Amino acid sequence: MKRWMPVVAVLAVSALILTACPAVTPQVIEVPKEVVVEKKVIETVEVVKEVPIEKIVKETVEVPVEKVVVATPVPLPTEITLVDTNSGANFQWYWQNQVVPAIQEQLGVKVNYVVSKEAELLERMKAWQPGQGDAHLLFTKPETIPNALAAGLELETLYPDKADVIPNIEKCPKSYLESVLGVPIGGKGALYWRSQYALIYNSEYIKDPPTSWKEFYERREEWKGHIGLVRPDAKSGASYRIPYSFLNAFVKMTDEEGKAIPLAELQATPEWQDAWAKLVDFYSYAKLPIPAEPPNMFEDFNAGDTWISFYALDYSLWSRHQGTMPPIIKSSFLEEGMAAGSDGYLVVPAGIPEEYKPVVYKVINFLLSDDQQIRLITTMWQYTGTDIWDKIPGVVWDTIPPWEKMEPARLVIANKEVADYIKEVGPEALVPK
Amino acid sequence: MTLIRQYLKALWRGRRLLIYTFLLCFALLIYLPFLMIALKSIGRGWFGRLWLPPELTLDWYKWAIEVTNIPEITKNTLIIAGLAVGMATLIGIPTGWAFGRYRIPGKELLMAMILLPRMIPPIAYALGVAQIFYRLHLINTHFGVALAHVAVCAPYAILVLSATFEGLDERVLEAASVCGASPLRTFLHVVVPLILPGILSSMIFTFTTSYNEFTLTLMTYGKDTVTLPVRTYIAMGEGYWEVTSAMSILLVIPSLLVLFLIQRQVAPEKLVGGFKGV
Amino acid sequence: MRRGSPIRSTLITLLMLSPGLASFFGLFFYPMLVTIVRSLRPEGQQVGWTLQHYITFLREPRAREVIILTFVLSIASTLCSMLLSLPLCLVLRQKLRGHRFFRLTMLIPRVVPGLIGALGLLLLFGSRGWVNLFLMQVVPFINEPVRINYTVPGLILFYTWLYFPFTSVTTLSTLESLDPAIEEAASVSGANRWQVLRHVVIPLIMPGILAGSVLTFMAAFGAFSIPLVAGGNYRPLAVEIYRQIDFTPARWSAACARAMIMAALQVGFLTVYMRVLRRPVA
């Protein structure tokens, strides 16, 4: 036992040294902020008491920084940061190659285009000093708005408060500005685009595609092993949108007012049990193994192993155009309803410096202008955020269905509980072993 | 007699053929995945079961550079790897020296303790690191990600360096001082050249580890500290595999270049951490 | 420790050791402590103690599947690595023409990011990859693509591809430090090549192979990136853990409990393995 005493001493002393001198390496010295940090590690070692993350974040935020807000007349900024948490690969390309240069050219505003994820973005916004935020304009999925509000983050009310500086926002359909996914948002976002899921199929193997979910389910034997589904725990929205649309065809998940029926209540009904059993059965007809993410499914599609699937209409068509999906791919709808994709919202955080706000509004107005919106639908096959259907060149409707035909089939995911349930139990309950 | 000899000779030749076939299969197994990625990255309209893409294009590389922001991400990765190498080396030199040259009671136990992170799956402490870093605001800083990498890199650095210092011959040092060299001169002209290869291989090893580190990075990265492996992971889950392939080729080339450049200077076996006594 | 008072030299030693110890405590010990504490907290809370996360996980019928899968993958790929490394190293030892090239080849899976390797393997072994095209065109009776990706044998292949260098490098270095005189002595005393190999060389390099296999096993057990992108339905422990924090809201406590189980399993297995080997391996 005596032999270990020195070791114990070493440990004790080194723990002391560790506590006393946080600057272990020169790197630490260079970054003074982290010195504090290092010390904190140790303090908490001794206490081993956990404090809620949010609380600490806020506490740390309130530490005064050397930066002093000087009230000097500042010229309007000419550079803003746009954080995008919605676009897929196709639109990341579009923003960078089309939109950002257009803003620079037309408005003289340089846009730093940054791709991020919702959780990251919100986490970052929580750490902002009031009025010092550095993400001036956000381009988000619809659910980000209620999520941000629920997290206590302030967003600018764009409609109707800012309708005078963003006149084009009047063209956005009001219902989309009032609420998303059944949650009121009070005009805190401007609708830039509407995205839609569609049935996509390989016209070489499938001559007469199904026109309804019920028909699809009845004819499933024809396409056994060739139906492209994505795992319910995929990051992509396809994970729950497809099964949700399927369930919707067999069981009503909202009441007359469009409010979600609680899951527990639903599960007690025979309709739900029947629909769920059908869904489980439907998955066993899928191309196996079920792809983890959409790119894996596209691989199967391109190989000719998958014949029929579902994905965002714009993405599928654009991929065909780019030569990353075969030219024989065609798209159509199922009449009971196909899930809406991620509609794109432009959001302005309240926590950014005041002088940036007029510039950001100008940019939003530009993005909602007819010219920009028409570009969106003619180059990317994405439905516009503004209702300007009569101004859109007629040839567009040769490629995608007109909005008035599509809208009735558009299914908004209104029962979030069901969507979460699919993601949660799906990997075990739906995916065939 | 001659017949038998001829038969044996043929067998000998055949054996060589067999060996080369084996080696060829092995090399194919290692290199073909990269060839597939390379083909995918320059092909367009490659559908169905074709051996080669019907149409060639460089568009995906343009995409990879413009849209996935490779230059920025490469910069992040290099900064993080540089910081991690620096910290790991600065930790490794004194600690390795103490382990290699001093008599420490309970040395084996201490060494085993230092090497403990290698025994535990990285994801187990990555969870803890992530929670601590969230609280300390170290998420999404280069320093934070590098610090997380040090958790994996430092044990290796200590191990390699202590082996190097242990191998330092006492008599050489004595000889130098007997010949009248001052301690500083001894250090600069005798010790440094002797330990430099060890330090270099430790640095290269920590660099590759940090460059390829995924688990800890995934837990601690943020939008400003996306590294190459994390970007590859994201790209495999969204967008086109053509672009992902182009990106991968751009990322693999530096790794391979480094490997082929350093193989003469440093025993490349060190890269695996599979040195003797380990 | 050569000059000066003992206290002073002890202090110097301590000072020299401190960076290593600091990194150990700050970056490993403390995070592990946080993981343990978190795993014992009720989900989303900072106070209270519970064993519930361990119990729920271990009671799930899937838990056993996941644990068995993790062991099957890591043990099978360790064995495959040994089977691949032994002939490879014996051949490379002969210093044939181009042996340097093959030596470097052997290291490639370790120097490129694992995910890129996984992408290439997925493309190569996919239903329209070259392997399947080759099988379908050359091998009779194979008309349908063979499913390799996202199956257990496929995963073992991927793991082996990625982690065999640990075994092969260690084996090769042991093999090269072998005294040629021993083999000469054996062949002089009448043993043929096979006998020399079977009874002299392999027993002598066995410690090296086994030490390497431990490294391969550790890497394969903790493997995360490969099963994350190429696992399909098969999700070993590491991926299972990640899934818990990928939920919104993240289930940190559940993830930590699984991580502790995983760590305990790995340490337990390695302890038994090394006991059996009776050889200290770091």
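Assorted remarks:
- Every residue from the stretch B:7-20 that is within 11 Å of chain C (Cβ to nearest Cβ) and either polar (S, T, N, Q) or loosely packed, with under 11 Cβ neighbours inside 10 Å (or both): B:Arg15
- Just one of the numbered conditions (1) more than 16 Å from A:Leu138 (Cα to Cα); (2) within 24 Å of the chain's Cα centre (by Cα); (3) modelled with pLDDT of 90 or more; (4) not hydroxyl-bearing (Ser, Thr, Tyr) is not true of A:Trp307: (2).
- Check on B:Phe22, assigned to a helix (DSSP H, G or I), touching a Pro at 6+ places or on another chain (Cβ under 8 Å) and at pLDDT 85 or above: yes
- Residue in the stretch A:321-329 that is more than 14 Å from chain B (Cβ to nearest Cβ) and within 24 Å of the chain's Cα centre (by Cα) present: no
- Of the residues making up the stretch C:139-149, at least one is in contact (Cβ under 8 Å) with a residue 24 or more places away in the chain, surrounded by 22 or more Cβ atoms within 10 Å (Cβ to Cβ) and within 18 Å of B:Met236 (Cα to Cα).
- A count restricted to the stretch B:118-144 and to residues that are of a type outside the set (A, V, I, L, M, F, W, C) and part of a helix (DSSP H, G or I) stands at 9.
Per-residue answers, yes or no, for (1) more than 22 Å from A:Tyr315 (Cα to Cα); (2) not assigned by TED's automatic domain parsing to the domain that holds A:Gly228:
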{"position": "A:Glu355", "(1), (2)": "yes, yes"}
{"position": "A:Val360", "(1), (2)": "yes, yes"}
{"position": "A:Pro393", "(1), (2)": "no, yes"}
{"position": "A:Lys416", "(1), (2)": "yes, no"}
{"position": "A:Tyr421", "(1), (2)": "yes, no"}
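- Annotation for the stretch C:173-187: at least one member residue is modelled with pLDDT under 90, in contact with an Asp or Glu (Cβ under 9 Å, 6 or more places away or on another chain), within 9 Å of chain B (Cβ to nearest Cβ) and part of a helix (DSSP H, G or I).
- Given (1) on the phi > 0 side of the Ramachandran plot; (2) in contact with a Lys or Arg (Cβ under 8 Å, 6 or more places away or on another chain), number of the condition C:Phe57 does not satisfy: (1)
- Selected residue (only one of B:Val258, B:Val226 is β-branched (Val, Ile, Thr), surrounded by 16 or more Cβ atoms within 10 Å (Cβ to Cβ) and assigned to a helix (DSSP H, G or I)): B:Val258
- Selection count, the stretch A:234-252, where residues are more than 23 Å from the chain's Cα centre (by Cα), part of a loop (DSSP other than H, G, I, E, B) and touching a residue at least 24 places away in the same chain (Cβ under 8 Å): 1
- Among (1) of a type outside the set (A, V, I, L, M, F, W, C); (2) away from every other protein chain (no Cβ under 14 Å); (3) under 30 Å from A:Tyr285 (Cα atoms); (4) surrounded by fewer than 16 Cβ atoms within 10 Å (Cβ to Cβ), the one test that A:Pro401 misses: (4)
- Scanning the stretch A:262-304 for residues that are farther than 30 Å from C:Leu133 by Cβ, in contact (Cβ under 8 Å) with a residue 24 or more places away in the chain and not in a helix (DSSP H, G or I) returns a single hit, A:Pro262.
- Residue in the stretch A:230-245 that is at positive phi and not acidic (Asp, Glu) present: no
- First in the stretch B:30-43 and more than 7 Å from chain C (Cβ to nearest Cβ) and buried (at least 22 other Cβ atoms within 10 Å of the Cβ), second anywhere and polar (S, T, N, Q) and in a helix (DSSP H, G or I), Cβ under 6 Å, 6 or more apart: B:Ser41/B:Ser245
- Any chance B:Ile204 is closer than 29 Å to B:Val226 by Cα, more than 9 Å from chain C (Cβ to nearest Cβ), in a helix (DSSP H, G or I) and not hydroxyl-bearing (Ser, Thr, Tyr): yes
The values are calculated or read from the model by the stated rules, or taken from the named source; none is laboratory data. Model, not experiment: these values are computed from the prediction. All Cβ positions, glycine included, derive from the backbone under ideal geometry; neighbour counts span all protein chains shown.
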